[in-house]
Every structure is written in C-alpha cells, then in structure tokens.
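Visitor: Starting off with a structure, shown below.
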Amino acid sequence: MSDRPVIRAHHDGRTIELPGTLHDIRIALPEHERAQFDHDIAHAHIDNLPAVASAWAKTPEMRAHDDAIAARVAAGDNTGLFNADGTPAGET
C-alpha cells in the first residue's frame, strides 16, 4: 500500500482511489493532457483550485459520465438530478 495521499471517490457503485497530489494527478494523465492540466492549475483562482484539481484527478470514465450529465442539463433534462436540499432539480 502506498503512503501517497489519495482522494476516495464513488463511481458506478464502487469506491475508487484517485491521485491525491497535484504531482500524482499530473503523472497519471496521458502525456497529451499534461500541458492543459498545467495551464488549468496555473490559472485557477485559489478558491477554485480544489475543484480544478479534483476534476483532473477523475478517471476518463468519470469525466465522460460528468460530461454526459452536463450535456443533459444543458439540453434541459434534469431527470434523476437533485438540488442540495434534496428536491428534484428543475422544480420550483
């Protein structure tokens, strides 16, 4: 077992350990994505840095899942989504 920090995330019914440092996130990325990662980290507002880092730490499958949800929401489909207070998204 590694002594490196990890982020524990849930995806597709299972717990996944993702890289927990900026260095480890960068190393885990395909080489062709590293320049964009460097740019995004370097230009992130300090308050947004955890969210930016967490987004990059996700597996390609997790990113694809998030992108699919974002596309659905952009198209006006909030089916199965909930607000922070537990009410279905899109209801007023």
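Visitor: Angle check, please: helix 34-43 long axis (alpha carbons) against the longest principal axis of the chain (alpha carbons), in degrees 0 to 90, nearest 10.
Guide: Its long axis makes an angle of about 70 degrees.
Visitor: Something else about it: Report the dimensions of the chain along its three principal axes from the alpha-carbon atoms, largest first, rounded to Å.
Guide: Principal-axis extents of the chain (Cα, largest first): 44, 32, 25 Å.
Visitor: Hey, can you rank 73-85, 6-18 by average C-beta count inside 10 Å, highest first?
Guide: 6-18, 73-85
Visitor: Over segment 6-58, what portion of Cα pair distances is larger than 17 Å, expressed as a whole percent? Each step should come with its number before you reach the end.
Guide: Numbers: 498 of 1378 pairs.
That tail contains 36 percent of the Cα-Cα pairs.
Visitor: Let me know the charge dipole size of segment 6-58 about its Cα centre in debye, to the nearest 20, where only the beta-carbon of Lys, Arg (+1) and Asp, Glu (-1) is charged.
Guide: Its charge dipole is roughly 160 debye.
Visitor: Got the relative contact order for the chain handy, in percent, Cα pairs under 8 Å and 6 or more residues apart?
Guide: Relative contact order here is 16 percent.
Bear in mind these aren't lab numbers, they're just calculated from the coordinates by the rules spelled out. It should be emphasised that the depicted structure is a prediction, and the values quoted were computed from it without experimental measurement. Every residue, glycine as well, gets a Cβ built from its backbone with ideal geometry; the counts of neighbours run over all protein chains shown.
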